[in-house]
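Worksheet: one structure, shown below.
The values are calculated or read from the model by the stated rules, or taken from the named source; none is laboratory data. Since the model is a prediction, treat every value here as computed from it, not as a measurement. Here Cβ is always computed from backbone atoms with ideal geometry, including for glycine, and neighbour counts include all displayed protein chains.
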């Protein structure tokens, strides 16, 4: 068996904002590229992050973070845990695609909605840097199966630049900061919540009559997940 398994990347821009050119890269090369990216961007990114955490009266680095993405408000909030959760900074989206409502199929240009993990950091991104989400997650797959939807799409990222066909674009400086931060705290200590709008402040703005019957249940789950993050 080879010492390093190869990761086959065939992520096409026109299929999604999958942000990696077609190539085969070994695990060792991937780790080295990730470490090099972190080393390159850390001096500026951590200086900025440290100022955000100081302004929030929090120590840096934190043990856990959460990224709350609100599609209508077109921003991502960075929260960190120090006993309780505290808001640290807002990152505006630099591009947007689709409409309010969950992602249902591939190539629909929809940004997903739900509770997601970060599965990998991508230093080879065509959108500067990116962080891959575990869409479709178990909830997405379960309801896709119930609906008879087989092609749910994949390759959803938080990335740099200012273009989106279903991903969360936040610009180069912001992705450098979050890439460095997630690498430092560990992907297992980062959570991503994507909502159509901020349920802490307003009712649901999605037109539910045009959505599957399970969407209110999804939004109830998201609303519950948002409770520790007091705006």
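Computed values, structure above
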item: Listing of strands (runs of 3 or more DSSP E) fully contained in segment 13-128 that carry 3 or more residues being closer than 30 Å to residue 148 by Cβ; result: 114-122
item: Test result for residue 83, out of contact with any strand residue (DSSP E or B) (no Cβ under 7 Å at 6 or more places or on another chain), surrounded by fewer than 21 Cβ atoms within 10 Å (Cβ to Cβ) and at pLDDT 95 or above; result: no
item: So residue 192, is it modelled with pLDDT of 95 or more, out of contact with any helix residue (DSSP H, G or I) (no Cβ under 9 Å at 6 or more places or on another chain), closer than 29 Å to residue 60 by Cα and surrounded by fewer than 20 Cβ atoms within 10 Å (Cβ to Cβ); result: no
item: Matching residues, segment 35-80, being at positive phi and within 18 Å of the chain's Cα centre (by Cα); result: 74
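Each row is one residue, and each column tells you yes or no for (1) modelled with pLDDT of 95 or more; (2) surrounded by 19 or more Cβ atoms within 10 Å (Cβ to Cβ).
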| residue | (1), (2) |
| --- | --- |
| 9 | no, no |
| 12 | no, no |
| 15 | no, no |
| 34 | yes, no |
| 42 | yes, no |
| 45 | yes, yes |
| 78 | yes, yes |
| 91 | yes, yes |
| 98 | yes, no |
